[in-house]
Amino acid sequence: MAAAIVKKPCVLCCKGGGVTTCDGCQQTFCIKHIIEHRQELALQLENIGQEHDLFRRDLTHEDLAHSFFVHIDEWEQESIAKIQVAAEVARADLRQLINQTRNELKASIDKVTNEMQSCREIDDYTEIDLLRWAEKLKELRKLFETQLDFQITNDEDVSTSMSMIKVREEQLSGAVLTHSRQIVENNGIHQEVLELNYERFNNFQGKVILSGSGLLATCSGTYWDGSNVYGTRLYESGMQKIHFRIENKGTNNLFFGIRTASHDLPVQTLTSPYVYGWWELEQAIESISGYRIHSDRTIRTGDEITMILDCDNRQIQFQHHRINMNLQLPVELEKCPFPWKIIVTLRSAGDSVRIIL
């Protein structure tokens, strides 16, 4: 008796015998789902191709760090102005001290002059007077030479000392460049550290067009759960700020938040256990099953918002500048472990969000 042939069912619909096995994932598909599987692979290839083209264009972008050169130029001019002001104050103080010393010595020498003239006119002086006048002149000469021996010292007051500037690369995994300012002390010299931080959009899921060297993400059409676009940087320490401007917003809400980068899986913003953030301002998602309340949409075209990733305190903050509203959301690392990556969800065709440097 011939052995029964066992057919593998389709991995997606579990119906019938699969007609082919993918050499990549080694899963079996029916005719319908092998076509969809190949379409999904084609979409992933297109995304990788866009990332490849974007990266090659960025390598030749001459204005990539223009704002940082501007900052260094501004620091140079401000430092020159501070030095000029300090020098003028020092000159004025020196003139005042010299004039004060001269006036005091002049008053003393005038007394000796008057006394000598008076005694000479009446021929009333002796060896004792000559000795006294000589000693007085010697004393005044010594005071003159001593009091004009001024000392110029450096101001050790940290509040008034000028800080130096330096450029360094931030040591964060996946970081490109970060722009922040802090004062550090090195051998008594206070230095302003200019860290170049350049966040941008990179990978995406759904229908998104990236432009402006990765700073602008635009939704090109509706997608079943919204089109997700992610940042390039990974965050796991310190406090980082990402500033956004809403270039265009349709009728659907936007989502701003973070996801863990430790799970390289497609994200469904409404149901993913790896996501923290906000649908608009009043709708916070805390790695829950997607339940949210539809209320007044407070984000409009032209608004600017800032998302703050406070890794040290394990929380994220949301600032809406037009209505002056600040929100914060604690993050449970068990649900959303480090490193974090920013995620923005666009759900209406034409939705457009820009990262502002």
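The values are calculated or read from the model by the stated rules, or taken from the named source; none is laboratory data. As the structure is a computational prediction, the values presented were derived from the model and not from experiment. Positions of Cβ are generated from backbone atoms using ideal geometry, with glycine treated the same way; all protein chains shown enter the neighbour counts. Just the protein is used for accessible areas: all its heavy atoms, side chains included, with ligands, DNA and RNA removed. Shrake-Rupley method; radii C 1.70, N 1.55, O 1.52, S 1.80 Å.
Which number comes out as Rg/Rh for the stretch 20-60 once both Rg and the Kirkwood Rh are worked out on C-alpha atoms? Here Rg/Rh amounts to 1.23. How much of the accessible area of the stretch 20-60, probe 1.4 Å, is carbon plus sulfur, in whole percent? Carbon-and-sulfur percentage of accessible area, whole number: 56. Backbone phi angles across the stretch 232-242, fed through the Karplus curve with coefficients 6.51, -1.76 and 1.60 (θ = phi - 60°), yield HN-Hα couplings of 8, 8, 10, 10, 8, 7, x, 10, 10, 10, 10 Hz in residue order; Gly and Pro are listed as x. For F29, neighbours were defined as the other residues whose beta-carbon sits under 13 Å from its Cβ, and their charges (Lys and Arg +1, Asp and Glu -1) total +2. Candidate cross-link partners of K241 among the lysines, defined by an alpha-carbon separation under 19 Å and a same-chain spacing of 8 or more, comprise K341. Note on L140 and A349: the extension gain reaches 66.3 nm, defined as 0.36 nm multiplied by sequence separation minus the Cα-Cα distance. Note on L357 and L94: their simple-model spin labels are 4.2 nm apart, each label 7 Å out from Cα toward Cβ.
Annotation: Cα Rg of the stretch 19-142 relative to the compact-globule expectation 2.2 N^0.38 Å equals 3.31.
Of the trypsin sites (Lys or Arg not before Pro) found in the stretch 5-44, the ones in coil according to DSSP and having at most 11 other Cβ atoms within 10 Å of their Cβ are K7, K15. Averaged per residue, the stretch 38-123 has 81 square angstrom of accessible surface, using a 1.4 angstrom probe with ligands and nucleic acids left out. Between L131 and R102, how high is the FRET efficiency from 1/(1 + (r/R0)^6) when r is the Cβ-Cβ distance and R₀ = 22 Å? Nearest 0.05. Once the sixth-power term is evaluated, E becomes 0.25.
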